[in-house]
Every structure is written in C-alpha cells, then in structure tokens.
1. Quick check, is SER203 surrounded by fewer than 16 Cβ atoms within 10 Å (Cβ to Cβ) and under 17 Å from ILE169 (Cβ atoms)?
2. Is there any pair linking a residue in region 115-138 that is under 12 Å from LEU62 (Cα atoms) to one that is assigned to a helix (DSSP H, G or I) and open to solvent by 30 Å² or more (accessible area, probe 1.4 Å), with Cβ under 6 Å and at least six apart or on different chains, and which?
3. Which residues, taken from region 227-274, are in contact with a Leu (Cβ under 8 Å, 6 or more places away or on another chain), open to solvent by less than 70 Å² (accessible area, probe 1.4 Å), modelled with pLDDT of 95 or more and assigned to a strand (DSSP E or B)?
4. Tell me, please, whether a residue that is farther than 20 Å from PRO201 by Cβ and acidic (Asp, Glu) can be found in region 267-286.
5. Residues that are free of Cβ contacts under 8 Å to residues at least 60 places away in the same chain, at least 2 per element: which helices (runs of 4 or more DSSP H) completely within region 1-101 meet that?
6. Out of region 214-226, which residues are part of a loop (DSSP other than H, G, I, E, B) and open to solvent by 70 Å² or more (accessible area, probe 1.4 Å)?
7. Quick test of your reading of the structure: GLY211 fulfils all but one of (1) within 24 Å of ALA263 (Cβ to Cβ); (2) among the small types (Gly, Ala, Ser); (3) open to solvent by less than 30 Å² (accessible area, probe 1.4 Å). Name the failing condition by number.
8. Looking at the structure I just gave you, is VAL55 hydrophobic (A, V, I, L, M, F, W, C) and surrounded by fewer than 15 Cβ atoms within 10 Å (Cβ to Cβ)?
Amino acid sequence: MNALSLTALQQVSVQTAGSKARHLGAMLAQGLPVPPGFVVTTDAFQAFLRANPDVQTEADFLSAPLPAVIAEEIAAQFSALQEQGVTVVAVRSSSALEDLNHASFAGQYETYLNVCSLDSVLLHIKRCWASYFSPAVQHYAKQHQICLDSLAMGVLVQGMVEADVSGVIFSKHPVTCDPDEIVINASYGLGEAVVSGLVTPDSFIVSKRTGEICKELGLKEVKILPAATGTMTVETSAAEQEVFCLGDGHIEDLAALTCRVEALHGRPVDLEFAIQAGTVYLLQVRPITT
C-alpha cells in the first residue's frame, strides 16, 4: 500500500509508516485526541525513486511525475479526509530513522502547514521526500554514523489544527532529568513558533506527585497564524504578552495527557500539542532520546 489512514497502522511497522505517523496511529488507537490523517508510506517513496532514478535536487523532485497508482491512492485518502470535514492539512515528514536511541533527527526534515488542495498536497509530499537528501540531513546522519540507504521516508498528511495556543511538553524535566516534573512550553498560534525557537514561550512545571504548578511568563514575541496559503508571522499584543497563554485547567489537562502517553510508551516522551477553541489535540509523540 502506498497510502494508509492513521486508523490502519496498528499492524504496520515503523519501517513502512515512519516514526511520527506510527506513534500517532498508536495513540489514535488508544482514543487519544489525534487529528485525522493518513501516511504516504516508505514504499511509495521507494517506488517514486525507482520511477525517477535521476532525481537529485528539490527541483528534480518537484518536476518528476508521481506514478499514477501512488497519486490515485493519495487522492483517495485526501478525499476521505475531506469527507470527515477536513479542509486544510499539514504535510509532515515521517522518517523511520527519527527517534533512534542515540539520535532524533528532530527538525531536520520538512513540515508544511496550511495546505489546502490535492495538487498542493502532492507537491509538498515531494518536498518532504526531497528533504531526505538535504545537506542538513546528510550531515546529521554522518555525525551520528547513521546509514540512509534504507530510503525509509514516509509522509504524514493530517488535518491541521488552527491553534489558539500550542507548544511542546516533556514528561521528565529536559535539563534536570527529574522524572516527577512535566515541563510545558507554550505560546500563541501554531506550534512552529515554539518548536523553531522563534519565541520565548511561557513555561510551566507540573509535579506528577503533587500536581503543583510553577509558572514562568515568557515574552511570546510573535505568533504564527494560517494565511491564505502557508502561514504568516505577526507580533503579539502587549495584552497577550502580559498574561499566561494557558489557564490552570488546560495545564492540568495537558499534564494528565502527558502521563497517559508516557504510561502507554513505558518511557519518557516529548509531545507537541495544540489547543483550538478550548479543545486539546495531540500532534506528535516521540520518546526522549537524549
């Protein structure tokens, strides 16, 4: 299969779906609040390369034709998402080489937000594939003595959450490694602002044992929002900067979600989350590897 729904990944390996999609499929199967989506499998990536053996640059990838059977399966999955009410998606790399015990490849591959049409989905899938051969990925792999010959790159296409607030969570303190402390970093808008280090987020430390919350106000200088196509970055207002972006209720909900995910994985994890109109969504799960 070249494209599989997130609901159909229970018996699918990481080598087929990639790490990001496989973890989210497992969480969705447990009833956690994962937006609907599908994965373009590593088989599709390899079939594309066999059909276009001379591709080297991103321009080569974008101009090379997709085999018809792959395009048809992607179109069918995208149509199924639309039938569920999804109108805008995120297209995100899902490599099987992410989240290794000694390396994560976090931030090395590409993510594209606010993608609206099938043609644009197909284009950005090829851009994600091209990122497998980017200088940054090649350098990171060489540094960590990782072989990329497996060509195990999936691409996750997922309903996009137009977040009011988003961020990242660590189920153990990333600096002190205290397993009792959950650390939440959050800011306004889409999570890319926090993940990329564009903003100084609000920080919340929650004790698993007592539930006590320690807060540190961040500047939250800007926020990333959906635009007509892609995204735009705008300054936050003084009123937004002067208050915490999360109330205690959502902090407690996020801590409870983190504890559940950690228990399901059986090891410390970091998460990406988004909140839209008061509802919490789980966007990424990965084991803490460093």
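1. Answer is no for this residue.
2. LYS126/LEU62; ALA130/GLU58
3. Of everything in region 227-274, those that are in contact with a Leu (Cβ under 8 Å, 6 or more places away or on another chain), open to solvent by less than 70 Å² (accessible area, probe 1.4 Å), modelled with pLDDT of 95 or more and assigned to a strand (DSSP E or B) turn out to be VAL234, LEU271, GLU272, PHE273, ALA274.
4. The answer is no, given that none of the residues of region 267-286 is farther than 20 Å from PRO201 by Cβ and acidic (Asp, Glu).
5. 19-29, 42-51, 58-63, 68-83
6. LEU217, LEU219
7. (3)
8. Judged against the criteria, VAL55 is not a match.
The values are calculated or read from the model by the stated rules, or taken from the named source; none is laboratory data. On a predicted model such as this, the values are computed, not experimentally measured, just so you know. Neighbour counts are summed over all protein chains in view; Cβ atoms, including those assigned to glycine, are modelled from backbone coordinates with ideal geometry. The accessibility values were calculated without ligands, DNA or RNA, using every heavy atom of the protein model including side chains. Shrake-Rupley method; radii C 1.70, N 1.55, O 1.52, S 1.80 Å.
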